[in-house]
Amino acid sequence: MSVLICENIEIEGPGTIEDYLKERGKKYHILDFSDCKAEDNIPDIREYTHLVIMGGPMAVYEPVGFPFIHYETAMIRAFIKSRRPVLGICLGAQMIANALGADVYPGGTEEVGWYKVDITKQGMEDSAIARLAVNNQPVAEVFQWHGDTFDLPEKAVRLSSSRIYKNQAFRYGSNVYGLQFHIEVKPGMIKGWFEKEEKYDSEKMIEQTQKIFPEYQKRAFDFYEIFFR
């Protein structure tokens, strides 16, 4: 196994995804697009078994100034065509949806912080997403920071939804997952994201994170155990 991770901005790294891969001794490479230098160093994607696309503040529908979005979209399509697993986080989920022909657009309201999302019947039947359920109930507690959303791609299965956004997670085929929420976050990451964001109560957010994180990390690792097979 060899995992290719696309990082779009330095502060939105792979977090617990990288922790899991290190702990399990799985090979991975982080392709850092944050300064656009990676565009001159695109690896041979045929060498990788899994693709992970991380988040970022840029928008899929406004790629001007972010040409790497086109690179990543092409990679997503190549992995899907060859039936290799793909995981998209936040912006990454929107990129997968776009690569599959679905629209991505401003959602009209932000979700920022810890939220409960519903896991659909299909989600509870999915061996990976079901690992995120709290106490085996069709609910997951997840961290969000987004204002954009997307339509469900044709032939995709909705795995999670919320009152505000109906498309929180989906699966295409048997091994392509788009997660609107941040499964990968760690306390230090959230502190770094919000300590200078005056419009959010960062102290409360960090306090919540410290309480939630141990179980959140465990559920995330359980998800990774299924995805990174």
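The values are calculated or read from the model by the stated rules, or taken from the named source; none is laboratory data. Quick caveat: nothing in here was measured; it's all calculated off a predicted structure. Heads up, the Cβs are rebuilt from the backbone with ideal geometry, glycines too, and the neighbour counts pull from every protein chain shown.
For segment 189-224, filtered to residues that are aromatic (Phe, Trp, Tyr) and over 24 Å from residue 131 (Cα atoms), the residue that is farthest from the chain's Cα centre (by Cα) is 200. Could you list all residues from segment 125-156 that are under 23 Å from residue 114 (Cα atoms) and hydroxyl-bearing (Ser, Thr, Tyr)? 149 - this is the single residue of segment 125-156 that is under 23 Å from residue 114 (Cα atoms) and hydroxyl-bearing (Ser, Thr, Tyr). Looking at 221, 213, just one residue is in contact with a Phe, Trp or Tyr (Cβ under 6 Å, 6 or more places away or on another chain) and not in a strand (DSSP E or B), and that residue is 221. Annotation: residue 94 fulfils all but one of (1) of a type outside the set (Asp, Glu); (2) touching a Phe, Trp or Tyr at 6+ places or on another chain (Cβ under 7 Å); (3) farther than 24 Å from residue 142 by Cβ; the unmet one is (3). For segment 100-119, the condition holds for at least one residue, the condition being that it is within 28 Å of residue 28 (Cα to Cα), in contact (Cβ under 8 Å) with a residue 60 or more places away in the chain and crowded, with 16+ Cβ neighbours inside 10 Å.
Of all residues in segment 38-93, how many are aliphatic (A, V, I, L, M) and free of Cβ contacts under 8 Å to residues at least 60 places away in the same chain?
12
Just so you know, in segment 1-37 the residues that are under 18 Å from the mean Cα position of the chain (by Cα), assigned to a loop (DSSP other than H, G, I, E, B) and among the aliphatic types (A, V, I, L, M) include one that is nearest to residue 49 (Cα to Cα), and it is 9.
For (1) out of contact with any Lys or Arg (no Cβ under 8 Å at 6 or more places or on another chain); (2) modelled with pLDDT of 95 or more; (3) closer than 29 Å to residue 229 by Cβ; (4) not β-branched (Val, Ile, Thr), each residue gets a yes or a no:
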| position | (1), (2), (3), (4) |
| --- | --- |
| 170 | no, yes, yes, yes |
| 175 | no, yes, yes, yes |
| 181 | yes, yes, yes, yes |
| 188 | yes, no, yes, yes |
| 191 | yes, no, no, yes |
| 200 | yes, no, no, yes |
| 203 | yes, no, no, yes |
| 207 | yes, no, no, yes |
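When each of 24, 46 is tested for being touching an Asp or Glu at 6+ places or on another chain (Cβ under 9 Å), of a type in the set (Lys, Arg) and over 19 Å from residue 171 (Cα atoms), the lone residue that passes is 24.
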